[in-house]
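The values are calculated or read from the model by the stated rules, or taken from the named source; none is laboratory data. From a predicted model like this one, the values you see are computed outputs, not experimental measurements. So basically every Cβ, Gly included, is an ideal-geometry build from the backbone, and we count neighbours across all protein chains shown.
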Amino acid sequence: MHEAGWFRTGYCLGLLLRAWRRTVRLEIRRAAKLPESWLLALWHGRIVGVLFERMWTSTVAMASRSADGALAAGALAAVGIRAARGSTGKGGAQALSEMESLVRSGVVQVPALTVDGPRGPWRQVKAGAVTLASRLGIPIVPASFSCRHVWRLRSWDSMLLPKPFSRVVVVFGAPIPPQQLPGDGEEAAREVSRIMVALDRELDLEVAGREWWPEPGAGGAAWGGGKSSES
């Protein structure tokens, strides 16, 4: 299939996502008041729940130049989000520059990156997110979602899909100024990874009563709460 075909298929999936959004009970939490412009950092495997909140907002996201990227770009277009095409393997620097230009010109306010995409390593933040936030002088805001009733795909990212009619909790963590992160880009990226893993863990334990992505030694505290049962 040509790229245009993948884009059209993605657009149809985006329309499905819009309909899917209407079936869930969405709860939004923010650890702090967000500035006008900030960088949204999320895992590839938790993109769907966060997209429920981002629809029709002033956001630009990166999509790779592969067929999968064309599919993603179509889906993003259907929910009102711009796409900059590129990835760590091909065109990434150009896509980051495009995102930077769109933010600086005021066309969009929030650049969004699936920080372990497009193909991993799983749950390891790449340095590009820190680089872009530093260039723009904006904080990184980690985001996640959890839900008691999900489908978990057997994919490299162990993607979580909330089941219809579920309660979906989307959390935006405290803004992280890039200048306060330790060391160089790689070390700073590892610290953002640690914060995001902690956010997932706290949210999962509260909302789902279990960790959807258990990882021994994941520490930190982002959100507290009670337990709930899984079904």
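Filter the stretch 11-35 for residues that are modelled with pLDDT of 95 or more, of a type in the set (D, E, K, R) and not in a strand (DSSP E or B) and give the result.
Within the stretch 11-35, Arg18, Arg21, Arg22 qualify.
If only one of Ser158, Ser134 is more than 21 Å from Ser37 (Cα to Cα) and of a type outside the set (D, E, K, R), which one is it?
Values: Ser134 fails: more than 21 Å from Ser37 (Cα to Cα).
Just one listed residue meets the conditions, Ser158.
Within the stretch 3-20, is there a residue that is within 19 Å of Thr57 (Cβ to Cβ), touching a strand residue (DSSP E or B) at 6+ places or on another chain (Cβ under 8 Å) and surrounded by fewer than 13 Cβ atoms within 10 Å (Cβ to Cβ)?
So far as the stretch 3-20 goes, no, none of its residues is within 19 Å of Thr57 (Cβ to Cβ), touching a strand residue (DSSP E or B) at 6+ places or on another chain (Cβ under 8 Å) and surrounded by fewer than 13 Cβ atoms within 10 Å (Cβ to Cβ).
Of the residues in the stretch 96-121, how many are over 15 Å from His44 (Cα atoms) and more than 14 Å from the chain's Cα centre (by Cα)?
Counting residues in the stretch 96-121 that are over 15 Å from His44 (Cα atoms) and more than 14 Å from the chain's Cα centre (by Cα) gives 14.
Return the residue satisfying two criteria in turn: it lies in the stretch 164-182 and is aliphatic (A, V, I, L, M) and assigned to a strand (DSSP E or B), and of such residues it is nearest to Arg54 (Cα to Cα). Let's see the steps before the verdict.
First pass over the stretch 164-182, keeping only residues aliphatic (A, V, I, L, M): 168-171, 174, 176, 181.
Still in the list and also assigned to a strand (DSSP E or B): 168-171, 176.
Details: Val168: 14, Val169: 13, Val170: 10, Val171: 12, Ile176: 20 Å.
Looking at the filtered set, the residue picked out is Val170.
Looking at (1) within 22 Å of Leu17 (Cβ to Cβ); (2) in contact with a Lys or Arg (Cβ under 9 Å, 6 or more places away or on another chain), which is the one condition that is false for Ala83?
Going through (1) within 22 Å of Leu17 (Cβ to Cβ); (2) in contact with a Lys or Arg (Cβ under 9 Å, 6 or more places away or on another chain) one by one, Ala83 breaks only (2).
Would you check if Gly80 is assigned to a loop (DSSP other than H, G, I, E, B) and either on the phi > 0 side of the Ramachandran plot or in contact (Cβ under 8 Å) with a residue 12 or more places away in the chain (or both)?
Details: assigned to a loop (DSSP other than H, G, I, E, B): yes; either on the phi > 0 side of the Ramachandran plot or in contact (Cβ under 8 Å) with a residue 12 or more places away in the chain (or both): yes.
Against the criterion (assigned to a loop (DSSP other than H, G, I, E, B) and either on the phi > 0 side of the Ramachandran plot or in contact (Cβ under 8 Å) with a residue 12 or more places away in the chain (or both)), Gly80 qualifies.
Out of the residues in the stretch 36-56 that are within 16 Å of Arg119 (Cα to Cα), of a type in the set (A, V, I, L, M) and not in a helix (DSSP H, G or I), which is farthest from the chain's Cα centre (by Cα)? Steps first, please.
Initially, the stretch 36-56 is screened for residues within 16 Å of Arg119 (Cα to Cα), giving 41-47.
Those left that are additionally of a type in the set (A, V, I, L, M): 41-42, 47.
Checking which are not in a helix (DSSP H, G or I) leaves us with 41-42.
Working: Ala41: 5, Leu42: 3 Å.
Selected residue: Ala41.
If I ask for residues that are surrounded by fewer than 20 Cβ atoms within 10 Å (Cβ to Cβ), closer than 23 Å to Pro121 by Cα, touching a strand residue (DSSP E or B) at 6+ places or on another chain (Cβ under 9 Å) and of a type outside the set (D, E, K, R), which ones from the stretch 49-77 would you list?
Matches in the stretch 49-77: Ser66 only.
Filter the stretch 42-73 down to the residues that are touching a helix residue (DSSP H, G or I) at 6+ places or on another chain (Cβ under 8 Å) and farther than 24 Å from Val150 by Cβ, then identify the one that is modelled with the lowest pLDDT.
Residue satisfying both the conditions and the ranking: Ser64.
Determine if the stretch 57-71 includes at least one residue that is farther than 20 Å from Pro175 by Cβ, of a type in the set (Ser, Thr, Tyr) and within 15 Å of the chain's Cα centre (by Cα).
Within the stretch 57-71, one or more residues are farther than 20 Å from Pro175 by Cβ, of a type in the set (Ser, Thr, Tyr) and within 15 Å of the chain's Cα centre (by Cα).
Just one of Pro164, Pro177, Pro142 is under 17 Å from the mean Cα position of the chain (by Cα) and modelled with pLDDT of 95 or more; which is it? Step through it out loud before you land on a result.
Working: Pro164 fails: under 17 Å from the mean Cα position of the chain (by Cα); Pro177 fails: under 17 Å from the mean Cα position of the chain (by Cα).
From the options Pro164, Pro177, Pro142, the qualifying one is Pro142.
List every residue pair whose Cβ atoms lie under 7 Å apart, where the two residues are 6 or more positions apart in sequence or sit on different chains, the first residue falls within the stretch 2-15 and is in contact (Cβ under 8 Å) with a residue 40 or more places away in the chain, and the second residue, located anywhere, is outside any helix (DSSP H, G or I) and crowded, with 16+ Cβ neighbours inside 10 Å.
Gly14/Val79
What is the residue count in the stretch 129-145 for residues that are small (Gly, Ala, Ser) and under 23 Å from Gly49 (Cβ atoms)?
Pass one, the stretch 129-145, residues small (Gly, Ala, Ser): 129, 133-134, 137, 143-144.
Going one step further and asking which of them are under 23 Å from Gly49 (Cβ atoms), we end up with 129, 133, 143-144.
Here the count works out to 4.
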